Amino acid sequence: MRRMPALDGLRALAICGVIGYHLQLGWISGGCLGVDLFFVLSGFLITTLLIEQRGPLRDFWVRRVRRLLPALFVLVLGTLALSTLVLPHHGIGEHRLTGDAFAAVFYYANWHVIYLDQQPSPLQHTWSLSIEEQFYVVWPLALLLLLRLRGWRTAGLVCCGLGAVLSMTEMALLYQPGHVGQLRAYCGTDSHGFALLVGCFLAFLTVGREPVPRVRKTLHAVGPVALVGLLCFWVVGGAGPDLPAGWMYLGGFQVCAVLAAAVLGDAQLADQGALGRVFSLRPLVWLGQVSYGVYLWHAAVIFYLARIKGARAGVEFDLSVIVATLALASASFYLVERPIRRYGRRITAGPGSLRSDAPLAASPGSTGNG
């Protein structure tokens with residue numbers, strides 16, 4: 001298990017896209033694709049972790065809870081307090097927010113958004129975390145069965161490839177124009193799971209293998225080109241202030257997942273190319289390390305600041321969101337996430353346990369939304 005700082009840099013890129021999208025910056029109308037980059041990273045890292053260490057699944061799930069839930073609890077408690085005590089006239093109703101809080105904590109927020117509550121909420125963005133955690137309940141069990149096979153690598157590639165194709169097809173078939181019609185295709189675990197499976201496919205392809213010089217050279221050439229293509233989608237992929245373009249569901253999201261995998265395939269190499277060196281720069285690595293907290297807090301900050309100020313446009317508003325989000329995310333990382341993770345490792349360390357999830361924690365931000 002080696003540290004891969006360039007992947008922290010990719011997390012930083014992903015979270016910048018998500019924040020730009022939620023700030024409704026017109027030049028990054030497809031910034032929601034940062035979530036898909038997180039998904040690809042998550043699938044790759046978690047699958048790599050499970051294949052390389054093959055520890056008890058109980059240890060894996062305990063670490064996911066320890067890594068993700070404490071910071072999420074702080075967010076939920078903070079939004080509940082802010083809505084009921086500080087901003088009673090600007091909140092969204094205690095009963096409704098309580099339902100959003102339960103959906104976030106028990107990781108069914110995506111289905112909650114699809115079928116129960118489609119109104120703006122400071123916790124609505126936790127839908128992506130729910131997709132990942134639902135995936136992490138099922139995927140380790142399936143992976144355990146695959147690893148028992150003699151040809152586990154080939155079986156894994158076939159399984160991930162077919163699953164990704166089925167999920168991609170389902171998104172295209174479920175898509176219907178309009179906000180409500182898009183939610184099922186976009187927020188469904190089944191219809192948006194292809195990005196995770198693309199990352200899993202890359203893990204089966206690369207784990208335990210050191211590419212020959214010719215392959216490394218090819219990846220170093222393909223990676224930057226794929227990144228440019230991915231960023232082009234981020235610029236043109238939106239159709240409005242809060243909707244991806246309709247054509248994205250009919251192939252755009254799917255192409256972006258493949259482009260993200262190509263970028264990741266280059267960035268994860270030990271022998272770094274230009275792309276890996278850029279994403280290993282310290283500011284990007286730091287932002288990637290705190291990006292789980294950034295993902296958790298940015299939407300709540302936007303939600304409440306917009307109600308305090310009565311508007312959400314302008315440079316002053318955007319800077320206020322960024323400063324407040326970074327402050328809250330830093331506090332979350334240094335006071336909650338890192339201490340609990342380190343303390344928990346000292347308690348659970350022992351023969352046969354997975355050694356550390358710090359290098360490969362893999363949800364939006366920890367990766368890992370999201």
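Key figures for this structure:
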read-out: Cut-off under 5 Å, modelled amide H: who pairs with G238 long-range; value: S29, G30, A245
read-out: Within the chain, helix-based [θ] at 222 nm, where runs of 4 or more DSSP H residues each add -39,500 (n - 2.57), nearest 500; value: -22500 deg cm²/dmol
read-out: Neighbour-count order for C232, C16, fewest beta carbons within 10 angstrom listed first; value: C232, C16
read-out: For Y249, Y343, order by how many other beta-carbon atoms lie within 10 Å, fewest first; value: Y343, Y249
read-out: Histogram of C-alpha separations across the chain, 20 Å bin width, %; value: 30, 61, 9, 0
read-out: For region 1-129, diffusion coefficient by Stokes-Einstein and Kirkwood Rh (Cα), 4 °C, 1.567 mPa s, µm²/s; value: 77 µm²/s
read-out: Cβ-placed point charges (K, R +1; D, E -1), dipole of region 104-184 about Cα centre in debye, nearest 20; value: 400 debye
read-out: For region 36-153: relative contact order, % (alpha-carbon pairs under 8 angstrom, 6 or more apart); value: 22 percent
read-out: Residue order, fewest to most beta carbons within 10 Å, for S121, S191; value: S191, S121
read-out: Summed side-chain charge close to L281 - residues other than L281 whose Cβ falls under 14 Å, Lys, Arg +1, Asp, Glu -1; value: +2
read-out: Long-range amide H partners of V207 with built H, under 5 Å; value: none
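Read-outs throughout are calculated quantities, based only on the coordinates presented, and are distinct from any laboratory measurement. Fair warning: this is a prediction, and the values are worked out from it, not measured in the lab. All Cβ positions, glycine included, derive from the backbone under ideal geometry; neighbour counts span all protein chains shown.
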